[in-house]
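A short worksheet on the structure shown next.
The values are calculated or read from the model by the stated rules, or taken from the named source; none is laboratory data. Bear in mind that the values here come from a model prediction, so they are computed numbers and not experimental data. Cβ: placed from backbone, ideal geometry, glycine included. Neighbour counts: every protein chain shown.
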């Protein structure tokens, strides 16, 4: 092998994946262009075996007979999109991008509120500025919380206030806010609550945000990377095995990749958060701690369909998101009574909460709290494969009026993520 050919190889360990929310669906945004906050991770570490973006154009075969014993006479490129599978240990700062893409309804509450003011006049969805009673303390880069409860959101102040008008151009509002709504500057940690986005809500369509993923391999000309726009998740899996790390995995579809824009390698800004061992999870069933489970897993599936239309282009017209379904498996690896069986036989439908907490304090604290307020036990399979007898239970998360966000409606579950990231 020549020295020249050696320079062309690219070690797998030098590849990386960057994420960005796309304010304009279909834009091939580079990593960390949204929310545009310095120091916030945009690169998610992934397991090599589950780092799989793939371009998947359709191939149209001409097999019309024409007096020859051949089969295929021409291969024509048809409509095109891409698929992806990204998985590995759970990183509690950057996983919020994936939660937002799956659920769509996001409220955020910060800590240490200060510089309290109120909103003057209403603020509509998608607004990038608002008037408040006093702009003192609201400098560029400040994190500002508007509203409270399920419609609270944190935006990033951009530029200098013009009188009492505050701009937040990179973080448009997700919810409408009434005149007189409370406004504060806030700091971390931040509490993000993800719920299913409903029809007639902030974007009127029930469609969650989309993202762009940039895959650096070092092989693409100029930037060494390709960007997959219009990333839409069809399945999110969160898994806890007490002998392993807390794991996360997403799969779905996007538009076909394009060479990453710019004239240099995209920013590689990986998460610095340390993964959490799954033994640091706790489970509550019906409000009572359940200590018999050695393994649990939430599987959140989003109905998804790629639509191509007659518009003279191979790219999809839209990738539509439909209903969201959630199931939970609980493995009672050390059964001490028949609770795992009776919950199914009696059609018990209690609340179930799984909390993973890294145990650190302040802005270093990472928590992922997965809650279904109505969870029906649908299966209780006896397990005699180990030393001790157990049950492998399956639960269906049922839509209810509690597991919802600011867009209302009914939802099967919510995820609350606590970290030091102000917004997604």
Original post:
Can you find a residue in segment 102-109 that is in a loop (DSSP other than H, G, I, E, B) and crowded, with 21+ Cβ neighbours inside 10 Å?
Top reply: yes
Original post:
What is the one condition in (1) farther than 24 Å from residue 333 by Cα; (2) touching a helix residue (DSSP H, G or I) at 6+ places or on another chain (Cβ under 8 Å) that residue 356 does not satisfy?
Top reply: (1)
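Out of the residues in segment 384-401 that are touching a strand residue (DSSP E or B) at 6+ places or on another chain (Cβ under 8 Å) and not in a strand (DSSP E or B), which is nearest to residue 199 (Cα to Cα)?
The extreme case among them is 399.
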Subject >> Members of segment 250-270 that are part of a strand (DSSP E or B) and under 20 Å from the mean Cα position of the chain (by Cα) >> reply: 250, 251, 252, 253, 254, 270
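Here is a yes/no grid of residues against (1) over 24 Å from residue 396 (Cα atoms); (2) modelled with pLDDT of 95 or more; (3) in the same structural domain as residue 353 (by TED's automatic domain parsing); (4) assigned to a helix (DSSP H, G or I):
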residue	(1), (2), (3), (4)
272	yes, no, yes, no
279	no, yes, yes, yes
283	no, yes, yes, no
302	no, yes, yes, no
313	yes, no, yes, no
324	no, yes, yes, no
Original post:
What tally of residues in segment 138-160 results from selecting those that are part of a loop (DSSP other than H, G, I, E, B), in contact with a strand residue (DSSP E or B) (Cβ under 8 Å, 6 or more places away or on another chain) and under 17 Å from residue 114 (Cα atoms)?
Top reply: 7
Original post:
Is there a residue being closer than 30 Å to residue 143 by Cα and either in contact with a helix residue (DSSP H, G or I) (Cβ under 9 Å, 6 or more places away or on another chain) or buried (at least 23 other Cβ atoms within 10 Å of the Cβ) (or both) anywhere in segment 368-384?
Top reply: yes
Subject >> residue 97 at pLDDT 95 or above, at negative phi and part of a helix (DSSP H, G or I) >> reply: yes
**OP:** Considering (1) assigned by TED's automatic domain parsing to the domain that holds residue 281; (2) within 27 Å of residue 92 (Cα to Cα); (3) buried (at least 22 other Cβ atoms within 10 Å of the Cβ), say which one residue 424 fails and leave the rest.
**Re:** (1)
Original post:
Only one of (1) buried (at least 17 other Cβ atoms within 10 Å of the Cβ); (2) not assigned by TED's automatic domain parsing to the domain that holds residue 230 fails for residue 216. Which number is that?
Top reply: (2)
Subject >> Restricting segment 345-372 to residues that are over 25 Å from residue 277 (Cα atoms) and within 31 Å of the chain's Cα centre (by Cα), the residue that is modelled with the lowest pLDDT >> reply: 348
Original post:
Condition test on residue 255, is it out of contact with any helix residue (DSSP H, G or I) (no Cβ under 9 Å at 6 or more places or on another chain), within 30 Å of residue 78 (Cβ to Cβ), modelled with pLDDT of 95 or more and surrounded by 17 or more Cβ atoms within 10 Å (Cβ to Cβ)?
Top reply: yes
Original post:
Residue check: is residue 126 part of a loop (DSSP other than H, G, I, E, B) and either crowded, with 19+ Cβ neighbours inside 10 Å or in contact with a helix residue (DSSP H, G or I) (Cβ under 7 Å, 6 or more places away or on another chain) (or both)?
Top reply: no
